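Following: one structure in structure tokens, then a few remarks.
The values are calculated or read from the model by the stated rules, or taken from the named source; none is laboratory data. For clarity, every value in this text was computed on a predicted model and none was experimentally measured. Note: ideal-geometry Cβ built from the backbone for every residue, glycine included; neighbour counts use all protein chains shown. Just so you know, the surface numbers come from the protein's heavy atoms only, side chains and all, with ligands and any DNA or RNA stripped out. Shrake-Rupley method; radii C 1.70, N 1.55, O 1.52, S 1.80 Å.
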Amino acid sequence: MRSKVKFRLLFLSLAIICFCLGVNFTPDTLNSAADKWQLGVISAVYFLLLPIGYWYCIIKIGQQKWWKLIMIFSLSSLVARLSYPAELSHYFEFVMWLRYPIIAVLLLIELYLIFSVIRGLFNARKLKGDPRVGAVETYNEGAEKTLTMALIVASEATNWYYSIPWFSRQHPPTIAHINLLSARRWHVWLMVLGCVVASTISYVLLQSWSEIVAIIVASFISYTLMAIVANHRISRHYSLYLLRNKLVINNGLWGFMVIDSSEISHVNRQESVIENKDDDRALFIGRGQTNVTLLLRKPVIYHGGMGQLPEAMTKIYLSVDKPEDVIAAIEASRNEAIDAVAAA
């Protein structure tokens, strides 16, 4: 497991523990000095410890943008608004009202950004293959925020495209299949069962409090069935293919890469065991021993976290079922891409 992934899991565990303990130990009133000290410690955890942890684990180690710090501050403010004593929680209500004028200004900018992204995706609607690939091709040279927004817009189309076989009937053929756990039949049925159980439990727990909220939450959880099916079909049928002289690597629905064939400097069959799996510039995809290695001329973005956690990679290690076919297809595509560049 790469160090970036380890630190993400570390922060996720830290956040869950801090919020669970904070909500359970937050005093109902501030009648005593002990209550004030207790709330002060909890506030320090919410607004000091967690942001520092997010900065170190996600921004510094994960090489993400500084502006994403607002996510953990917003989450801490929401928890404080819902759990703090009444004499303090109303201050967070004031903050919530104050944010609307700021959001109104930002919304105008974001609406234009979304409009331009949707217009670009609409122009690429006839392209074959994963809708996310069209987004990367359209905005690969643009700002990271624009591409992030484009991938958010394209993610919904991706779910529909892969979850319904008729939509993906003209999908480019795969050159091999990556050995992914999510490609197994038992895995998808287990995920479906878990989704149904989670939806049922959420409705049972919330319906006594609010029937409307129970229906909304249960419906939202049930809607993830589409993503579960799409994730399985991507992993099982479309994990590795070539599209317009670009190699598309799908690590299920979670992450993907679009690599121009001309940017692949070397591809070979990996015979030895790879010892160093902590290289932040190396990506390992597939269960089992790696049998195909790709070396890139320059860093290429791996769009993890459904496109929201970009990472630059220079080495790709794959575990596939037909390594010889992968090497032959990539070599042919690379030669064709290089010839096209030379002819231009």
Counting only protein heavy atoms with a 1.4 Å probe and every protein chain in place, the carbon and sulfur fraction of the accessible surface of region 202-344 in whole percent equals 57 percent
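Can you check what the net charge comes to around residue 12, using other residues whose Cβ is under 14 Å from the Cβ of residue 12 (Lys, Arg +1; Asp, Glu -1)?
Once all neighbours under 14 Å are counted, the net charge is +3.
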The set of residues whose placed amide H lies less than 5 Å from the amide H of residue 301, leaving out same-chain residues fewer than 5 positions away, is 313
Note: residue 28 to residue 71 extended length (0.36 nm per residue) minus current alpha-carbon separation gives 12.8 nm
Between the modelled labels at residue 47 and residue 223 (7 Å from Cα along Cα→Cβ) the distance in nm is 3.3 nm
Checked against a 21 Å limit on the C-alpha separation, the offending pairs among 68/298; 6/246; 4/246; 6/315; 4/315; 4/65 are 68/298; 6/246; 4/246
Length gained if residue 160 through residue 189 is fully extended, taking 0.36 nm per residue and subtracting the Cα-Cα distance, is 8.6 nm
Residue by residue through region 71-81, the couplings from Karplus 6.51 cos²θ - 1.76 cosθ + 1.60 with θ = phi - 60°, in Hz, x for Gly and Pro, are 5, 6, 5, 5, 5, 5, 5, 5, 5, 5, 4
So residue 211 and residue 169, fully extended at 0.36 nm per residue minus their Cα-Cα distance, gain in nm 11.1 nm
Taking Cα atoms only, Rg over Rh for region 205-343 with Rh from the Kirkwood formula is 1.13
Rounded to two decimals, the Debye log10 I(q)/I(0) of region 183-272 (Cα scatterers, no solvent) at q = 0.18 Å⁻¹ is -0.85
For region 130-288, the per residue accessible area (1.4 Å probe, Å²) is 51 Å²
